[in-house]
Amino acid sequence: MKLHNIFVALFISVAFFSCDDYLELEPISLETSNSAYESASQIEAALVGVYESFQSSEYYVWDNLLFQDVRSDNCYAGGDNPEIFQLDYLNIAPTHSRVYKHWSNMYNAISKANLVLYHIDNIDDPLLTEVRKNQIKGEALFLRSYHYFTLVKLWGGVPLITSSITSTEPEAVNIPRATTEEIFTQITSDLKIAASLLPDAYGNDAGINKARATAGAANALAAKAYAQQPNPDYEAVLDHIEAVESSSANYQLIDYNLLFDGNNYNNAESIIEVQYLGGNEGSYGPQLLLPPSISGDSWRKFVTPSVDLVNAFDAEGDTVRKNAGILFESVQWVDEFWGNAAGASIPFGYKWKNASGWASADNVYLIRYGDIVLLKAEALNETNKLQDAVAEVNKIRTRAQLPDLTTAQSDSKQTLRATILNERRLELFLEGQRWDDLARFNVLVSTMNNLVEVDLRTGKQIDYGMTEAKKILPIPQQELDRNPALKQNPL
C-alpha cells in the first residue's frame, strides 16, 4: 500500500490548503485556522498534502531533468518548446515561465509544511499520540528542508519563511532574500531535529517506509546539504552518512538493472522516492522521454542523452549503466546532434521503462544509497582519506561490473576528485544531479565552456557562453514586480 493510499480518504475529504502561490494567500483568520486543524485526521490530511507536492510540482515530475541534465553536459533539449532550448543553451531570462512556476510551486509546498508545523502542537485529540505528533513534526521539517534545498541550489539566497503567513500587509509578504549560508543553516538545523524525531521505519511495508520521511532520509539529505553549502563541511557529511549506514533500515546497493526495470521500486537501495500508482495517480514524465517503440507516439522527444555523455560511458567501458539508462532507436525526425537525417539512430533516456499513456507507475528516486556511497567517497577524499575513498568508489564500480580504480585514477586528491565526479555522472545520469555536482566540484564554468558539441546542421561547435552568473537562475520577474524587497541575481 502506498502512502498516498493510506491517507487518500483524508486527502479527498479535507480541503486543507489552496494550491495558489503562497504569496497570493488571503489572511487566515484564527477561527478558520483553528477549526480546520482540530483532529488527528485533519493534520494527517494536511501532511499528505505536503507529500503530494512532489507529485503535483512539475519540477519533481521531470523538470529537474531539464534544470540538471539538460542545462549541463548530459542531455539535449529535444521536443519543440523554445523555453526548453533556452535551458539547454543557458539563455534563461527572468520571464522564463518555468523559473516562476518552480519558485511558486516550491514555496507553495513550504507553506503547506509550515501550516502543519504551526498547528501540530495545538491539536488535542487522544488519537494523536505524542509519538505520532513528533513524527509528523519530523516529516514536515524534512519536507520543508527538501524544498529549501532545491530552492537554494537553483537561486542561491531566497526568502526564508518558517511560519505561516496570516496577513497580506506588505511587511508580512514582502520578504527579502536570506543569504545562501542562512538557508543552508536552516536546512541542516531542521534536518538534525527531524532525524531525532523520525523513526528508521514505520513498520514492515516498504511501500510506506520509502514513501515517507525517515531518520535515514533526514540524515542523507543533511549529508547532501553539508556537502553542497558554500563552505562544505565534510566531517559533518561523514557523520550523517554514518547515521544512514547504521540505520536499522539497512540500506544497501542492489543490482543496478533492478533499480530501473520498473518492477522493483521501494527497494533496499531506495531511501525515499515519489510514489506513483498509474492511472489518475500516474506520472506523465516517462511519456516525454521514452522512444516511439515504448511511448507509442512519433513526435520528437525531450531530454535526449548527449554525444559527450555516451562517449563518457564508452570510454569507461560501462555497458551495465549505459544499457540500463540509455536506449538507441531509429527515428523519423531529424536530430541535429545524432545524424541530422531521418532514420538516424539516437539515444533516449531509459531509466523510466513504462510510459503508460501519460500515466506511468514508475516512481522517482529522491535519494538513494548509491548517491550516498559516492558522496561518502567524496567526503573521505576531501578529508585526505584517499584509500578509504577508493574503497567506496570500488563498491559502485563492482556493482557496475567495472574493474577497481587504477593508480592513475586515484593517485592524488585532485585526480580522485575528478574520478569521483565522473563516477557520479555515470551512476546518477538522468536522476537530476549533474548540474549540482559540477557546481559543488567548482568545475561548472570550465566544463560547459570546454564542452565540444557540434550542431550537424552547420558543422559548428555550440558556444554555451557559461559564466559565473549563470550558475544560478534569475529571480522570477513576477516576484520582483510584486516584492520590492527582492534583489535580482547577476545576469
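Just so you know, all these numbers are worked out from the coordinates, no wet-lab data involved. Predicted, not measured: the structure shown is a model, and the values here were computed from it. Here Cβ is always computed from backbone atoms with ideal geometry, including for glycine, and neighbour counts include all displayed protein chains.
Given R₀ = 60 Å, what would the calculated FRET efficiency be for ALA341 paired with SER163, taking r from the Cβ atoms and rounding to 0.05?
0.55
Quick check: residue separation of ASN263 and ASP388 times 0.36 nm, minus the Cα distance between them. What number comes out in nm?
41.6 nm
Got a sec? Charge dipole of the chain, +1 on Cβ for Lys and Arg, -1 for Asp and Glu; which of TYR146, THR185, LEU258 is way out at the positive end?
LEU258
Using 0.36 nm times the number of residues separating VAL334 and SER56, minus their current alpha carbon distance, what extension gain do you get?
Taking VAL334 through SER56 to full extension adds about 96.8 nm, to one decimal.
Could you work out how far helix 413-428 tilts from the main Cα principal axis of the chain, as a 0 to 90 degree angle to the nearest 10?
Helix 413-428 sits roughly 80 degrees off the main axis of the chain.
Angle check, please: helix 234-245 long axis (alpha carbons) against the longest principal axis of the chain (alpha carbons), in degrees 0 to 90, nearest 10.
Value to nearest ten degrees: 80.
Can you tell me the dipole magnitude for the chain around its Cα centre, using point charges on the Cβ only (Lys, Arg +1; Asp, Glu -1), in Debye to the nearest 20?
In total the dipole reaches around 600 debye.
Treating the angle as unsigned and between 0 and 90°, give the value, to the nearest 10°, between the Cα long axis of helix 386-399 and the longest Cα principal axis of the chain.
So the inclination is approximately 80 degrees.
Counting other C-beta atoms within 10 Å, which of TRP338, TRP358 has the fewest, and how do the rest follow?
TRP358, TRP338
Which order do the peptides 468-475, 454-461 come out in when sorted by mean C-beta neighbours inside 10 angstrom, highest first?
Descending mean neighbour count gives 468-475, 454-461.
If each DSSP helix of 4+ residues adds -39,500 (n - 2.57) and the sum is divided by the residues in the chain, what number results at 222 nm, nearest 500 deg cm²/dmol?
-14500 deg cm²/dmol
So if R0 is 45 Å, what FRET efficiency would ALA418 and ASP200 give, r being the distance between their Cβ atoms, rounded to the nearest 0.05?
0.80
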